[in-house]
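The values are calculated or read from the model by the stated rules, or taken from the named source; none is laboratory data. Because the structure is predicted, anything quoted here is derived from the model rather than measured. All Cβ positions, glycine included, derive from the backbone under ideal geometry; neighbour counts span all protein chains shown.
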Amino acid sequence: MPEMYKIYDAYSANYDELVNHEDCDKNFKNALLSICGWTGKTVVEAGVGTGRVTAVYAGIVKRIIAADRSIHMISAAKRNLSQYLNKIEFIVRDNLSLKDVASQNDIFIEGWSFGHIVCDMPDKIEEITKALVNQALSLVKPEGKIIFIETLGTGNEEPKPPVETLRKFYSLLENRYGFVRKEIRTDYLFETVEEASRILGFFFGEEMSQLVKKLGNKRFPECTGIWIKQK
């Protein structure tokens, strides 16, 4: 298993292989589209990765500013979203460097990205959370919508932050900044147990690979949280 940021910098195909098996019941897609009206809206997405979140809404919005720190991931996103390139502006930025992006957008969204920053700096959770929230607020117009998507446990049957750092992050979003949490299952489904072990193990490590083999199921549970705030 490569280090997490090495995956984002050099292994977009492996990442796509993982997420293409995720959300087998389409709970995430349905939940995201139900949050607000997306048709004709302008969107800023941080940590766009290979475009897995973007693909859910790209066909119905007017314009997208898609940011990621990794040129490698942006290149993959351009391939995956090729039919929408006329409405997407890709920019190379990390998640804390978006303040000069065009403001007055309808929606700000990030998916499974901000949690990495928080976990990288566990002694600065309050400071980082404040910066991320305030930056998102600055990029949407009055009555704009802010959507954060983060993990509530790969391998979990019930939603639970996998580490204490993320629990604190989620608590700040809800109790200090007024985000409302929606919990969904985003289970993986593979062709075989062996495939599940290989793909999940590459991204999450040998311990996960062995757990999949022990459970012996082609379907693997995952819980996801969607945090929503109206400006």
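Among the candidates Glu143, Glu89, Glu150, the residue that is at pLDDT 95 or above and in contact with a Lys or Arg (Cβ under 9 Å, 6 or more places away or on another chain) is uniquely Glu89.
The rows are residues; the columns are (1) touching a helix residue (DSSP H, G or I) at 6+ places or on another chain (Cβ under 6 Å); (2) farther than 25 Å from Lys29 by Cα; (3) in a helix (DSSP H, G or I); (4) among the β-branched types (Val, Ile, Thr).
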residue: Glu183; (1), (2), (3), (4): no, no, no, no
residue: Glu195; (1), (2), (3), (4): no, no, yes, no
residue: Leu200; (1), (2), (3), (4): yes, no, yes, no
residue: Phe203; (1), (2), (3), (4): yes, no, yes, no
residue: Ser209; (1), (2), (3), (4): yes, yes, yes, no
residue: Asn217; (1), (2), (3), (4): no, no, no, no
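Considering only residues in segment 96-121 that are touching a residue at least 24 places away in the same chain (Cβ under 8 Å) and among the polar types (S, T, N, Q), the one that is farthest from Gly144 (Cα to Cα) turns out to be Ser113. Can Asn30 be described as at pLDDT 95 or above, touching a Gly at 6+ places or on another chain (Cβ under 9 Å) and not aliphatic (A, V, I, L, M)? It is false that Asn30 is at pLDDT 95 or above, touching a Gly at 6+ places or on another chain (Cβ under 9 Å) and not aliphatic (A, V, I, L, M). Within segment 175-199, residues that are farther than 25 Å from Tyr15 by Cβ and touching a residue at least 24 places away in the same chain (Cβ under 8 Å) reach partners that are among the basic types (Lys, Arg) and crowded, with 20+ Cβ neighbours inside 10 Å with beta carbons closer than 7 Å, at six or more positions or on different chains, in the pairs Tyr177/Lys229; Gly178/Lys229; Phe179/Lys229.
Just so you know, in segment 188-214 the residues that are crowded, with 18+ Cβ neighbours inside 10 Å and of a type outside the set (A, V, I, L, M, F, W, C) include one that is nearest to Gly111 (Cα to Cα), and it is Tyr188. Taking the residues in segment 90-130 that are in a loop (DSSP other than H, G, I, E, B) and aliphatic (A, V, I, L, M) as candidates, determine which candidate is farthest from Tyr170 (Cα to Cα). Looking at residues that are in a loop (DSSP other than H, G, I, E, B) and aliphatic (A, V, I, L, M), I get Ala102.
Of all positions in segment 77-85, none carries a residue that is of a type in the set (A, V, I, L, M, F, W, C), assigned to a strand (DSSP E or B) and surrounded by 15 or more Cβ atoms within 10 Å (Cβ to Cβ).
If the condition is being under 14 Å from the mean Cα position of the chain (by Cα), surrounded by fewer than 24 Cβ atoms within 10 Å (Cβ to Cβ) and not basic (Lys, Arg), then segment 40-72 contributes Thr54, Ala55, Val56, Tyr57, Ala67.
Within segment 131-153, the residues that satisfy the criterion of being out of contact with any strand residue (DSSP E or B) (no Cβ under 6 Å at 6 or more places or on another chain), farther than 18 Å from Phe204 by Cβ, in a strand (DSSP E or B) and not basic (Lys, Arg) are Pro142, Glu143. Quick check on segment 139-156. Is at least one of its residues within 21 Å of the chain's Cα centre (by Cα), surrounded by fewer than 20 Cβ atoms within 10 Å (Cβ to Cβ) and free of Cβ contacts under 8 Å to residues at least 60 places away in the same chain? Checking segment 139-156: not a single residue is within 21 Å of the chain's Cα centre (by Cα), surrounded by fewer than 20 Cβ atoms within 10 Å (Cβ to Cβ) and free of Cβ contacts under 8 Å to residues at least 60 places away in the same chain.
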